[in-house]
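For reference, the structure discussed in these notes is given below.
The values are calculated or read from the model by the stated rules, or taken from the named source; none is laboratory data. All values derive from a computational prediction rather than experimental measurement. FYI the Cβ positions are ideal-geometry reconstructions off the backbone, even for glycines, and counts take in every protein chain you see. These area figures cover heavy atoms from the full protein model, side chains too; ligands, DNA and RNA do not enter into them. Shrake-Rupley method; radii C 1.70, N 1.55, O 1.52, S 1.80 Å.
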Amino acid sequence: HYRADPKRVMAVGVSAGAALAAALGLRYPRYVRAVATHAGIAYGAAPSALLARDVMLRGPQSDVEAIGGQARGKFGGVLPVPLLAIHGDSDTVVSPANSVALVRQYLRFNGHPAVSADTEAAAPPGAMPNADCTATVTTEDGRDVTTQEWRINGHLVVRHVTIAGLGHAWSGGDGTLAFNDPRPPDSSQLVGDFLTDVLPGGGVST
């Protein structure tokens, strides 16, 4: 309707918006070609609304990997849908365990063997799978940022970024606003870099 390039549509969100972005990727992969979450939760992690807060604090109470596998069976012809998951390791509102579950869900969704039940190399349930590559850099003000990536045939399908000391806030945001941390890294830049790496033509258009 708005003449958007259908191959370059990405869903991005933080907290509840991140949960929605993750859901859009699994439910509508024909329209959402990549997903970026900040302090996100895997799709279907809470069996009911009553359990949602407990899931936020402790992690999923449902088999989110199975949900990813079911979505793969339904939409496999339009995959992959790459995921960028950013999370602060000091987040006390949405536990980093949810970010691990989200990574595992999208690895299963995209068919990466790190979480396949059919390979001995698959990581045990609840553990962060062994990444294809890992790198840690330290920002100018001393904050460690660890990036893990998983690829299939050389193509990036999941990137996970852990930011040391970050709570429930958008990193690199406007410090005068709620749920923003002005310290680096700049999460908006992380999202832009991810777009460049995974979408046809790269870059961001608005």
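Label sites at S48 and A16, each approximated as a point 7 angstrom past Cα along Cα to Cβ, lie 2.1 nm apart. The label-point distance for D5 and R58, in a model that sets each label 7 Å from Cα toward Cβ, rounds to 4.6 nm. Among rounded, prolate and oblate, which fits the chain when a ≥ b ≥ c are the square roots of the eigenvalues of its C-alpha gyration tensor, a/c under 1.5 means rounded, and a/b larger than b/c means prolate? In terms of gyration-tensor shape, rounded.
Counting charges near V157 (Lys, Arg +1; Asp, Glu -1) among other residues having Cβ under 14 Å from its Cβ returns a value of +3.
Amide hydrogen proximity for V157: with H placed 1.01 Å from N in the peptide plane, the residues at 5 or more positions away or on another chain lying under 5 Å are W150, R151, I152.
Taking other residues whose beta carbon is less than 11 angstrom from the beta carbon of Q105, and scoring Lys, Arg as +1 and Asp, Glu as -1, yields +1.
Counting only protein heavy atoms and a probe of 1.4 Å, the accessible surface of segment 1-147 is 54% carbon and sulfur. Summed over the residues of the chain and divided among them, the accessible surface reaches 50 Å² per residue at a probe radius of 1.4 Å. Label-to-label distance, T146 versus A66, with points set 7 angstrom from Cα along the beta-carbon direction: 3.0 nm.
Measuring between their Cα centroids, segment 59-134 and segment 1-36 lie 17 Å from each other. Taking R0 as 35 Å, what FRET efficiency do you get between Y31 and D89 from their Cβ-Cβ distance, rounded to the nearest 0.05? Taking R0 as 35 Å, the efficiency between Y31 and D89 is 0.60.
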